[in-house]
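Below: the structure, in structure tokens.
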Amino acid sequence: MVELRGEAKRRYVADMFTRIARRYDAMNTLMTGGLHHRWRQRAVQAATRGLAGRALDVATGTGDLALGLARRPGIDHTVGVDFLPQMLGRCRAKVRARGLADKTTLVLADAQALPFRDHTFACVTAGFSLRNMVDLRQALAEMVRVVRPGGRVATLELIPSPPGVASAPVRFYFHRLVPLLGQLVVGDRSAYTYLPQSADHFLEADHLARLLRELGLADVGYMRMGLGTVAVHWGNKPEV
């Protein structure tokens, strides 16, 4: 599954997230013990610190990161983009329930061809979605393109487990127990088998930081969380 490329990967990811959309939030909370909310808050803080204006969340899914951006002081409007109508439908319901409809716009669009002008947003985020991109470099390049000079790109992503004493139990949990939970809670073992496999095949934290620099960002940094299996990366777009 993780070896898929191009259109085959796009179809697989679309089908998978369409199947699990209804139980996506519940499963995230169960398998992380609720820690995913804290991780998203860290990403929101990293993205928005010292900035004001409009925010964009790419591949927003059910919208937790977009909602976090919309609540931040200084962020006057947030746009969430996703290419799956089923995910945007879940997100739209949460936006209404939280009274943030006036501060949030949802757009059906591809992360690799964002329908926005250059230099539009104060900050751009992507949460737990980079592993699923058909062309990671192109998706990140689009995020850099639409952020304004002086603005910031921030990402939140699962990364390969670092070596060490915690590596074996972490791998056992993600590769054995998470697929079992996926079967029991969502009725979809294959989707939650893909999850740890995609993390294993994703970039190491240092490599992702290097890619962000190659794409033109400055002051790039990152912090690890979740026993080293989750990372928030950030970088600023230089002033012209």
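FYI, it's all coordinate maths here, none of it is from the lab. Computed from a predicted structure; not experimentally measured.
Percent of Cα pairs in the stretch 118-172 per distance bin of 10 Å, from zero to the largest separation: 22, 36, 24, 15, 3. With the convex hull drawn over the C-alpha atoms of the stretch 62-101, the volume per residue is 56 Å³.
Can you give the % of DSSP beta bridges in the chain that are antiparallel, to the nearest 5? Please report the intermediate quantities before stating the final value.
Working: 13 of 34 bridges.
Roughly 40 percent of the DSSP beta bridges within the chain come out antiparallel.
Hey, what number do you get for the chain at 222 nm if only DSSP H runs of n ≥ 4 count, each worth -39500 (n - 2.57), divided across all residues, to the nearest 500?
Details: 10 runs with 101 residues, N = 240.
That calculation yields -12500 deg cm²/dmol at 222 nm.
Distances between placed amide hydrogens fall under 5 Å for G150 paired with K237, E239, all partners being 5 or more residues away or on another chain. Taking only the C-alpha atoms of the stretch 66-203, Rg followed by Dmax gives 17.2, 48 Å.
Based on alpha carbons, the Rg and Dmax found for the stretch 1-144 are 14.6, 41 Å.
Could you work out the Rg to Rh ratio of the stretch 159-240, with Rh taken as the Kirkwood radius (inverse of the mean 1/r over all Cα pairs)? Checking Rg against Rh, the ratio lands at 1.11. Pairs of Cα atoms under 8 Å, at least six residues apart: use those to get the relative contact order of the stretch 1-107, whole percent. Answer for the stretch 1-107 is 24 percent.
Divide the volume of the convex hull of the Cα atoms of the chain by its number of residues and quote the answer in cubic angstrom per residue.
For the chain, the hull spanned by Cα atoms encloses 112 Å³ per residue.
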